[in-house]
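What follows is a set of notes on a single structure, which appears directly below.
The values are calculated or read from the model by the stated rules, or taken from the named source; none is laboratory data. Because the structure is a prediction, the values reported are computed rather than measured. Reconstructed Cβ throughout: ideal geometry from the backbone, glycine too, with neighbour counts over all protein chains shown. Remember, those area values only see protein heavy atoms, side chains included, never the ligands or the DNA or RNA. Shrake-Rupley method; radii C 1.70, N 1.55, O 1.52, S 1.80 Å.
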Amino acid sequence: MIFLTRFIQFFLVAIPLTVMVWLVNLWFVPSGVFVVEHEVGTSSAFIEELKPETRVTDVYENEQDEMVQAIKQDPAFFFLHPHREEFFDQVVFDVWFQNKALPIVELGGLAGVNPETYTLYPLHNRLIDESTWNRIDEGGLVLLQREETYGSLADFFADPPSRDEVAVYRTSFDVPYRIEEYQPTTSIQTIDASLRGHHEFKTYIKNETLSFVFNYMDMNREEGEDVVQVIVFNEQNQPVAEARAGDDGNASDDAVVGYGLKELQLTAYSLPEGVYKVVMNTTRDVFFRTIQTPQQKVVFLNTLFIGDEIGYREPSQGTTLYTESKRLRFQTRHAQGIQTITAGEQKLDIAQPYEWYTLTLTSEGLESVVLPTGDVETVTEGTFSFSPSQYFNPDPVSLNAYTTIEQLGVDYVLAQYQSPRQEGDWLVATVPFDVADLYEEDQTWKFSFSTPLIEELGAELLIHRIDTWFNHY
Amino acid sequence: MIWYQKMFKPLEAITRTGFLVSLTSYIVFWLADVVQPGFVSRYFSVHIFLLATVVFGILWSMVLEEYEQRPLIHILLAITFGVVLAVLTWGLAADLGVYRVPLVLLTALTPMILYALMRDSR
């Protein structure tokens, strides 16, 4: 009896000790890999359900008794709560999904805020997977060829075709862009448009000094310091020049503009010929009113936020953009930003604030887009300029959801893409994110599904599981 | 003086062990979760140990036939709880300004006061 009693007492003591060892093991992750398996509809301390509720359906059971949730609008997102976010180096998702109609589905990790930027990785590219072109898969890269010319990717990179013949998807094509007939000038061009906050543009340099003069106002509408930093990157993505201006000393949100127009000069001498990217890194309180430069080619990338001109000049003069992109999205955040945008014969009403409006351009080539009053954010997968002569397209044509491969007029598609594997009725895509690229707040990372055309096509993306591997190297 | 050998009572020994282990575990796991939020609560509720403490406590009281007073242990426990409560109250009452110190003192003394009241009521 005594032995049995002692055994039970030992057992009672051993239970919490075992639990503590288990918890310590989970915390320190001695194997370096921590796995969270998650089926939609089940609660988890690590991964939240898909949100917002207006863009996803309720979780339901399909005919195979599997839990499913459908994304019906773009974008839907979820939050991930790692228990030791500073410990892990990489997060890898296995996303179980079904996609019958969407051309491209991607998963993005929030990389920065103000503005929100995402690092996107492909889940499913049906344009590539369903292409009848010759396909080579090597080391995470895919090469599609209209006619079979290259036997391997090594052959392709050893003797690449011209840039005009290649479209890219989530990768770069390292044949440098050059304008043979380009001649530098000393005449100064002025971009007379109010650009609010962070922007990026590309310019072309050949036997000339890179020079930009930014005239800006710190409008002090939001709390916090408003530092302006402009960095120049070369074709190898290395920083080669920088200009910086501190805050005006007013970190409050009192909307007092103490110093009017301030000036920031960016100059870089003796740069070799090539395309340079300039990142205007600042807060939404900073409005760049004019940019003066002798550079002839300047195109802004992907996003333009044409700010209001309250306190600068009234009425607001708006602006005219030039782009070859065929799909543009617009949003204003203020009632004063309601306007009618004109592009050739087409008109688009921005009828209410905080609503995204899409303009699909039908003409070929460069097209002008008139924003009569400004105060509007413009997003596209492409570039903008503020005059036709400034426009150039330094990047290879990009494969996106709004075109087909045939429409691109190329003979090759180079993509960083791995087709999802089949698991029963489900496709499973493996998507890795470097933790260094993720924006963390309150021990939380945000991930968003990018499902372009989901509303236009009346399509849905079915999600069954999102399994996560947290890796420490 | 007549000496009696203590009788071994298996049920009492088991329930006493269960009670003390559950109570200690509850305190340790709860404190671990306070120090490192989510350390325990990501996987299960720490209050499972509180439930076990209550269950074993009731069972122990049902099988307990003789109760041996250990006043020194009681006082040590009361002081320990007083210190723990004082630390917790100090952390939680940061916004209370001038009331913070008297509140901390009151919570620190509460276990000793309760112990004194329980001893006097017998």
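For the reader, a short list of remarks on this structure follows.
- Verdict on residue A:203 being in a strand (DSSP E or B) and open to solvent by less than 10 Å² (accessible area, probe 1.4 Å): yes
- Of the residues contained in the range A:88-108, none is found to be within 23 Å of residue A:381 (Cβ to Cβ), among the polar types (S, T, N, Q) and at pLDDT below 95.
- Enumeration of residues in the range A:23-34 that are open to solvent by 70 Å² or more (accessible area, probe 1.4 Å) and more than 14 Å from chain B (Cβ to nearest Cβ): A:30, A:31
- Qualifying residue in the range A:313-327 (condition: touching a helix residue (DSSP H, G or I) at 6+ places or on another chain (Cβ under 9 Å) and not hydroxyl-bearing (Ser, Thr, Tyr)): no
- Among the numbered conditions (1) more than 14 Å from chain B (Cβ to nearest Cβ); (2) in a loop (DSSP other than H, G, I, E, B); (3) surrounded by fewer than 16 Cβ atoms within 10 Å (Cβ to Cβ), the only one that residue A:87 does not meet is (1).
- Consider the range B:17-29 and keep the residues that are facing chain A (nearest Cβ under 8 Å) and aliphatic (A, V, I, L, M). The one that is most open to solvent (accessible area, probe 1.4 Å) is B:28.
- Counted residues, the range A:207-224 - those being within 26 Å of the chain's Cα centre (by Cα) and at positive phi: 1
- Candidate set: the range B:30-49, residues that are more than 9 Å from chain A (Cβ to nearest Cβ) and open to solvent by less than 70 Å² (accessible area, probe 1.4 Å); chosen: the one nearest to the chain's Cα centre (by Cα): B:31
- Scope the range A:13-22; condition at the interface with another protein chain (Cβ under 8 Å from one of its Cβ atoms) and open to solvent by less than 30 Å² (accessible area, probe 1.4 Å); matching residues: A:16
- Among the residues of the range A:315-332, those that are in contact with a strand residue (DSSP E or B) (Cβ under 6 Å, 6 or more places away or on another chain) and in a loop (DSSP other than H, G, I, E, B) comprise A:318, A:325, A:332.
- Filtering the range B:1-16 to residues that are without any contact (Cβ under 8 Å) to a residue 12 or more places away in the chain and either within 8 Å of chain A (Cβ to nearest Cβ) or surrounded by 13 or more Cβ atoms within 10 Å (Cβ to Cβ) (or both) leaves B:8, B:10, B:13, B:14.
For (1) closer than 29 Å to residue A:367 by Cβ; (2) free of Cβ contacts under 8 Å to residues at least 40 places away in the same chain; (3) in contact with a Lys or Arg (Cβ under 9 Å, 6 or more places away or on another chain), each residue gets a yes or a no:
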{"site": "A:244", "(1), (2), (3)": "no, yes, no"}
{"site": "A:257", "(1), (2), (3)": "no, no, no"}
{"site": "A:293", "(1), (2), (3)": "yes, no, no"}
{"site": "A:306", "(1), (2), (3)": "yes, no, yes"}
{"site": "A:327", "(1), (2), (3)": "yes, no, no"}
{"site": "A:334", "(1), (2), (3)": "yes, no, no"}
{"site": "A:339", "(1), (2), (3)": "yes, yes, no"}
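- Leading residue by the ranking (least open to solvent (accessible area, probe 1.4 Å)) among those in the range A:104-135 that are touching a Ser or Thr at 6+ places or on another chain (Cβ under 8 Å) and assigned to a loop (DSSP other than H, G, I, E, B): A:115
- Residue A:457 being out of contact with any strand residue (DSSP E or B) (no Cβ under 8 Å at 6 or more places or on another chain) and in the same structural domain as residue A:84 (by TED's automatic domain parsing): yes
- Selection from the range A:145-204 of residues that are among the polar types (S, T, N, Q) and either under 28 Å from the mean Cα position of the chain (by Cα) or not assigned by TED's automatic domain parsing to the domain that holds residue A:230 (or both): A:145, A:149, A:152, A:162, A:171, A:172, A:194, A:203
- Exclusive hit being at pLDDT below 95 and either open to solvent by less than 20 Å² (accessible area, probe 1.4 Å) or not β-branched (Val, Ile, Thr) (or both), set A:453, A:427: A:453
- Note on the range A:143-200: residues that are open to solvent by less than 20 Å² (accessible area, probe 1.4 Å) and either part of a helix (DSSP H, G or I) or closer than 23 Å to residue A:280 by Cβ (or both) amount to 9.
- Residues in the range A:38-66 that are within 14 Å of chain B (Cβ to nearest Cβ) and of a type outside the set (Gly, Ala, Ser) were compared, and the one that is surrounded by the most Cβ atoms within 10 Å (Cβ to Cβ) is A:47.
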